[in-house]
Amino acid sequence: MSILTIYFPSHQEQHLQPLVQLINEQLLTYIHSNDKRKKRDRQNVIALPIELEVDMASKTLTFEPQMPMFQLLLHGPMLYQLVSKLLGRYIVEHCEESIIFSLIQKRCEKNNIKPASVAQYCFNILNNDPWEPLGKKFTEEDRQRRSNKISEELNLHLETNSELHLDGYIAFRMHNYKRELKEVVEYAMDEYILDQQYEEFMTLLKYFVQLQETRIDIVHLVQQEGNSFILCDDAMLPLEIKHENDRIVAEMLETEINIEDIVISSLISASPQKIMIHAKHHEYQVIRTVKSIFGERTQVCTTCPMCRSNQEEIIPFQ
């Protein structure tokens, strides 16, 4: 009589064999969970008297106790802990994407949004490739935390159930884990909608700028101390911008998007034929926005004394 049987969905066949190999290895070298030192010494490493039978045709794993060595009260909890830990990792690695898609589809039906667009935001949040090694460490720790959340709930389930249908379990259980994924989906939806609104507003601003007549030949956008910028005229003197006659621009900037830096509205008010950018780094958000709105009117300076010296510096950007 088997102690545990696990039924896997047919579409996960390619991931099943590596899991089987890992389970067999763990059965032979089980480490007592109450060992605080977590060391593989001869005193706490044992082979569980359990044999794993695999039926690849039906995608079924069956755990058979080896009598008379097997003792349910002793070895049962060890097996449940081992299996729940490995399945927690398995679900995060191979099932999380489909779970997220299912959650997104339910939300997108109400908002007429393509699920694939929001899914990419979710994956960036959950599995972002950070620039810093420390950031990568946090991402891996977060995946492990989600895996542990699944394992804890699954371990309780295995203690009272000798069969596990993984498809059904994923669909109707793991409430704490799926609650966290729902929060990620909600956040991703908000980010997606904000980005779409921003893109629509940028398109509107570009159209508005194209309809404007140019008022001056050139404006120099110059970076000052820190991340602040100033507009200068052709003589490199601070440019005076009159905003009282630009009510439409002011209302657009205020009602559609919260741009703290007055640079954008000042440039739109000045309506220059050419914008020469003098900055320590060209990837500041304000510069990206200026390039997006004014397009071919913008040019990055590399020849003046200030910009030549800036090319030798390495400065983090926003």
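Within the shell defined by Cβ-Cβ distances under 13 Å, the residues around residue 70 carry a net charge of -2, with Lys and Arg each +1 and Asp and Glu each -1. In vacuum, with every alpha carbon of the stretch 63-119 counted as one equal point scatterer, what does the Debye formula give for log10 I(q)/I(0) at q = 0.14, 0.17, 0.25, 0.26 Å⁻¹? Two decimals, please. So the normalised log intensities are -0.58, -0.67, -0.93, -0.96.
Each Lys and Arg Cβ is given +1 and each Asp and Glu Cβ -1; about its Cα centre, the stretch 4-197 then shows a dipole of about 480 debye.
Determine the alpha carbon to alpha carbon distance for each of 85/178; 59/182; 114/182; 106/178 and list only those over 24 Å. Could you put the intermediate results ahead of the total?
Numbers: 85/178 17 Å; 59/182 29 Å; 114/182 17 Å; 106/178 13 Å.
In this structure, 59/182 lie more than 24 Å apart at Cα.
Computed extension gain for residue 161 through residue 98, at 0.36 nm per residue and net of the alpha carbon distance, reaches 20.2 nm.
Every number in this text was worked out from the coordinates using simple rules, so none of it is lab data. Quick caveat: nothing in here was measured; it's all calculated off a predicted structure. FYI the Cβ positions are ideal-geometry reconstructions off the backbone, even for glycines, and counts take in every protein chain you see.
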